[in-house]
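All of the numbers you see were taken from the coordinates with simple rules; none came from a lab. In this text the structure is predicted, and so the values were computed from the model without any measurement. Positions of Cβ are backbone-derived with ideal geometry, glycine not excepted, and every protein chain shown enters the neighbour counts.
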Amino acid sequence: MVPKGKFIAFCGGEGAGKSTQIELLAAHLRRRGRDVLTTREPGGTPEGQQLRRLLLTPDGDGWEPMAETLLMVADRVQHLRRVIAPALEAGTDVLCDRYALSTLSYQGAGKGVAASFIRELHRQACDDFWPDLTIVLDIPPAVGLARSKRRLSKEKSDEDRFERLGLDFHDRVRTAFLDHVRKNPETSFLVDATQDISAIHDAIRGRVDALFEA
Ligand code: TYD
């Protein structure tokens, strides 16, 4: 596959405001004349929607971390092959709410599945395909979880499996995101998600515009 569009993933802890920022960035890129697809994981395909329910609702409370990892990757294989790769090939930019870095952070750092295994799985199952840029929205877990729980209850959503895990879990996830950005400055970008919406958007826009000019 020779991608013609840009692939940008958004990661970060719960309640960091990814979906708002994805919509703002999509609007910005469309104003620049780009064709943009917004999508998400888990659940970016019809098959993945079923996995999303299995993974995020209380029905999924019994998954072993390894099984959970394989299901996240199964979702990604469908999504990459059926949605992301065809769009990029057609010249569409893809903005994806979560991607492989979330598996490394949540199932790896958070739940103790070996990062080396997750990376190897990504190599074998997803052709080691990584975004041009991963934007990490960083928020202290206590702040993000409070926001996220408010939203879930407003939307009467039961997709709260990860929100119900403890602060120490979410601290490990956050540390993994921060470590990744520190080690991969060329392909990732850290934004302080406690800023107001327009300041966050301005920071993201600046970095993404630079990506298109590179
Ligand atoms: P998301 O829809 O981004 O939820 P939120 O908007 O509340 O952040 O992500 C759903 C959940 O799935 C989130 O709690 C993180 C988790 N997740 C993983 O644990 N591993 C993964 O590989 C992915 C893609 C998501």
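Taking amide H as placed 1.01 Å from N in the peptide plane, Val94 has its amide H under 5 Å from the amide H of Lys6, Phe7, Ile8, Leu37, each at least 5 places away in sequence or on another chain.
Remark: the range 122-129, residue by residue, has Karplus-estimated 3J(HN,Hα) of 5, 4, 6, 8, 10, 6, 6, 8 Hz, where x stands for each Gly or Pro and the curve is 6.51 cos²θ - 1.76 cosθ + 1.60 at θ = phi - 60°. For the chain, adding -39500 (n - 2.57) for each run of n ≥ 4 DSSP H residues and dividing by the number of residues yields -15500 deg cm²/dmol at 222 nm. Less than 5 angstrom separates the built amide H of Leu190 from those of Val136, all sequence-distant by 5 or more or on a different chain. In this Cβ point-charge picture (+1 for Lys and Arg, -1 for Asp and Glu), the chain has a dipole of about 340 debye about its Cα centre. For the range 156-171, backbone phi angles converted through the Karplus equation (6.51, -1.76, 1.60; θ = phi - 60°) give residue-by-residue couplings of 6, 8, 9, 7, 10, 4, 7, 4, 7, 6, x, 4, 5, 4, 5, 5 Hz, Gly and Pro being listed as x.
Scanning residues 5 or more positions from Gly12 or on other chains, those with amide H under 5 Å from its amide H are Leu137, with H placed 1.01 Å from N in the peptide plane.
Highest mean packing comes first when the peptides 78-89, 187-198 are listed by Cβ atoms within 10 Å, giving 78-89, 187-198. Principal axis extents of the C-alpha atoms in the range 7-213 (largest first, rounded to whole Å): 46, 37, 35. Considering only the other residues whose Cβ falls under 12 Å of the Cβ of His79, what net charge follows from Lys and Arg at +1 and Asp and Glu at -1? That sum, taken over residues with Cβ under 12 Å, equals +2. The string of couplings for the range 179-193 from the Karplus curve (6.51, -1.76, 1.60, θ = phi - 60°) is 4, 4, 5, 4, 7, 10, x, 6, 10, 9, 8, 9, 10, 6, 7 Hz, one whole number per residue in order, with x for Gly and Pro.
When both the range 180-212 and the range 114-177 are represented by their alpha-carbon centers, they are found 17 Å apart.
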